[in-house]
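Engineer: This is the structure, below, for whatever I ask next.
The values are calculated or read from the model by the stated rules, or taken from the named source; none is laboratory data. Keep in mind it's a predicted model, so treat the numbers as computed, not measured. Here Cβ is always computed from backbone atoms with ideal geometry, including for glycine, and neighbour counts include all displayed protein chains.
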Amino acid sequence: MHDILPIRRSQLIAPFGVGAIPTGKDGISLITAGLDAWFDDDGVKEDEFLINDEPRLAGRLHVEEFRLPPDFRRSERFHSAENVNLKIPFLRFPQWHSCSNPKCGWLKKYPLTYMEMEPRCEEPRCWGKMHQVRFIAVCENGHVQDFPWWEWVQETAHSVEEGKLYLKSSGGGGLGGLKVVWKRNGHSDVQRTLAGITKEGALLERITNFRCLGIRPWLGEEVGTMNCDGKLRGALRSASNLHFAQIASAIYLPPEGTERKIGEIHNICKRSEVGAALAMVLSFCKDENVATEKILNKYGKHFEGYSKSDVAFVIKKYFMNADADEDFSSNDTSEEKFRYAEFARLNNRTQDLDHLKTVANPISKYNRSEQMKKFSSVVLVEKLKETRAFNGFSRVNSQSVSVLERNRQLWKYKPGKWLPAYQVFGEGIFFSFDNVRIQEWSKLAAVQERVKKLVDNYRIAAANRSFERTPESITPQFVMIHTFAHLLLNQLTFECGYSSASLRERLFVSSREEILMNGVMIYTASGDSEGSMGGLVSSGRPGNLENVLERALDNATWCSSDPICMEVGGMNGQGPDSLNLAACHNCALLPETACEEFNRLLDRGLVIGTFQNPEMGYFRRS
């Protein structure tokens, strides 16, 4: 396994999480190994890397805890240190290499664990070095394998590996200028170009009885272990659609009252020292009171300030009755309900707690702009903590799969009870829209007709691939609030000192009566040099935010691509799969890291109105 790729912890969540194919500084292409290979060194003390203060997110992802990716520490002479020389393992992929000598081009397959940087070509009288080929085969179900060189040149899945293969260039442009040559002893050569290998279905059409075998090289597999119904296609190893990291995030909500006390006891019981003793006691004792007595006798100092009955309650609920463990395995809260807990905590509330400090401002304070009356409240989030967890990936297209299925991708054997994650701190501005105003606006015939175009385009796209969002959730409120967030975020980059890549949106939209919410938070949560500088909160204070909002709306009234952006986009849609209306790179799109919906489902027309119907906009001018 290779250890030649220096990367930051946060990059092991995205974009270089398990199954990703980064390239090292020496040009060697690698694949990030599965979680079984993390923390497998003898003597690793895992407590240091635990993140166990986010039970809401753990429940969503069906795990017990999160862990920070290990950081590398050198051992120092005469100083004892813990967790030194820890590394994340990578495997060499693709395995096939070709000779760099253009007169040779010999193809050879090396093991996943091969360590030599540039092996020498073994052909007689050849001076070349073996370099990894540029081509692989990828499956829409997440599998990836080396390009089937033998099968391609022989046009059958039941190929025979006799003779030698060579990758030659004929000097032409594109893939048609490359050909695979099969030299057989005593027989004439067979050759075939690589033209069309990246087209969907090309491998299945041109190779008889060929199918995906479910190979998972990131788990150390060189041969398939399952039959897969996915369609393999050729791809460049550096293609951007080879790995879509699935990231789940949660804003930390400090527990209050009894919930806080129970959470603290639960964290104590999960420490390795106490947890190991508790597991041993519970293996022969099924009475929570007896188990509590034994644990308190040995580790009472850890539970000072907590009553015996509270400790017994935690032991019974979280460690004796797995079926009642609602924080982990049985938590199937929908995304809307999950976010509603954050919405309710942030909405119109002033609080000063650990890692969450908010100041609620009534709209009456923002009296310099009539447009501010479209909101019910603005909350300045002076301090927040966000946990971002990697819980799987998809390939070719960003697809929606179950949480448990994603978890199985990351482990060779039984899925573990943890996922890699990291925590970042920042600040933000939370907007809560006036529910009465926005519901009245959403019922306008022109608004309904315009959003229907977007929903129809979304249904067509969803028929060809899997999306997490349902067409029913694409409401006028959602599209308008989402676009508003983009327009305001673009303006804030000029006002608050943060770059657009450092700001994010978090949408809180639901039309369900029991969890009705119409809000958005624009925030920064950066794990690098940019943290909480105060510029975003300062821009949201009364006297400042009104001007920011007015300038954002003024800039949105005209795009440099208008009238095409507003008129043509509004008629037929634009962007990938036509999933935007009046929104393009010149007016409303953001860096991919800033948008939760991959820059889809946007329309300026719902925010400021169209040329023909300015009354359609929620923020229409009076």
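Engineer: Kindly provide the set of residues from the range 154-165 that are within 23 Å of Glu122 (Cα to Cα) and surrounded by fewer than 20 Cβ atoms within 10 Å (Cβ to Cβ), ordered by number.
Structural biologist: Val160, Glu161, Glu162, Gly163, Lys164
Engineer: Glu427 - would you say it is in contact with a helix residue (DSSP H, G or I) (Cβ under 6 Å, 6 or more places away or on another chain) and either assigned to a loop (DSSP other than H, G, I, E, B) or not hydroxyl-bearing (Ser, Thr, Tyr) (or both)?
Structural biologist: When the stated conditions are applied, Glu427 passes them.
Engineer: A follow-up question, please. Applying the selection to the range 187-230, what residues are without any contact (Cβ under 8 Å) to a residue 40 or more places away in the chain, touching a helix residue (DSSP H, G or I) at 6+ places or on another chain (Cβ under 8 Å) and within 24 Å of Lys164 (Cβ to Cβ)?
Structural biologist: Answer for the range 187-230, where residues must be without any contact (Cβ under 8 Å) to a residue 40 or more places away in the chain, touching a helix residue (DSSP H, G or I) at 6+ places or on another chain (Cβ under 8 Å) and within 24 Å of Lys164 (Cβ to Cβ): Val190, Gln191, Thr193, Ala195.
Engineer: Name the single residue, out of those in the range 500-526 being more than 27 Å from His585 (Cα to Cα) and in contact (Cβ under 8 Å) with a residue 12 or more places away in the chain, that is nearest to the chain's Cα centre (by Cα).
Structural biologist: Checked the range 500-526; the qualifying residue nearest to the chain's Cα centre (by Cα) is Ser510.
Engineer: Identify, by number, the condition in (1) without any contact (Cβ under 8 Å) to a residue 60 or more places away in the chain; (2) in contact with a Lys or Arg (Cβ under 9 Å, 6 or more places away or on another chain); (3) part of a loop (DSSP other than H, G, I, E, B) that Ser561 doesn't meet.
Structural biologist: (2)
Engineer: Now for a separate question. Mind checking which residues of the range 36-56 are of a type outside the set (Gly, Ala, Ser), assigned to a helix (DSSP H, G or I) and in contact with a Lys or Arg (Cβ under 9 Å, 6 or more places away or on another chain)?
Structural biologist: Of everything in the range 36-56, those that are of a type outside the set (Gly, Ala, Ser), assigned to a helix (DSSP H, G or I) and in contact with a Lys or Arg (Cβ under 9 Å, 6 or more places away or on another chain) turn out to be Asp36, Glu46, Asp47, Phe49.
Engineer: Filtering the range 371-427 down to residues that are within 22 Å of Ile21 (Cα to Cα) and in contact with a Pro (Cβ under 8 Å, 6 or more places away or on another chain), which residue is surrounded by the fewest Cβ atoms within 10 Å (Cβ to Cβ)?
Structural biologist: Applying the filter and picking the extreme gives Arg408.
Engineer: If a residue has to be within 18 Å of Thr23 (Cβ to Cβ) and part of a loop (DSSP other than H, G, I, E, B) to count, how many in the range 114-144 make the cut?
Structural biologist: Residues meeting the conditions: 8.
Engineer: Moving on to the next point. Of all residues in the range 243-260, how many are assigned to a loop (DSSP other than H, G, I, E, B), farther than 30 Å from Val144 by Cα and at pLDDT 75 or above?
Structural biologist: Going through the range 243-260 one residue at a time, the tally reaches 4.
Engineer: Another question about this same structure. Can you name every one of the helices (runs of 4 or more DSSP H) wholly within the range 432-513 that holds 3 or more residues which are under 16 Å from Leu549 (Cβ atoms) and of a type in the set (Val, Ile, Thr)?
Structural biologist: The qualifying helices (runs of 4 or more DSSP H) are 476-495.
Engineer: Separate question: For the range 389-398, state whether one or more residues are part of a strand (DSSP E or B), touching a strand residue (DSSP E or B) at 6+ places or on another chain (Cβ under 9 Å) and closer than 30 Å to Pro542 by Cβ.
Structural biologist: no
Engineer: Only residues that are at pLDDT below 95, more than 14 Å from Asn580 (Cβ to Cβ) and either surrounded by 14 or more Cβ atoms within 10 Å (Cβ to Cβ) or of a type in the set (S, T, N, Q) (or both): list them for the range 447-469, please.
Structural biologist: Passing the criteria: Ala462, Asn464, Arg465, Ser466, Phe467, Arg469.
Engineer: In the set Ala445, Ala421, Ala462, which member is touching a Ser or Thr at 6+ places or on another chain (Cβ under 7 Å) and hydrophobic (A, V, I, L, M, F, W, C)?
Structural biologist: Sole residue among the options that is touching a Ser or Thr at 6+ places or on another chain (Cβ under 7 Å) and hydrophobic (A, V, I, L, M, F, W, C): Ala421.
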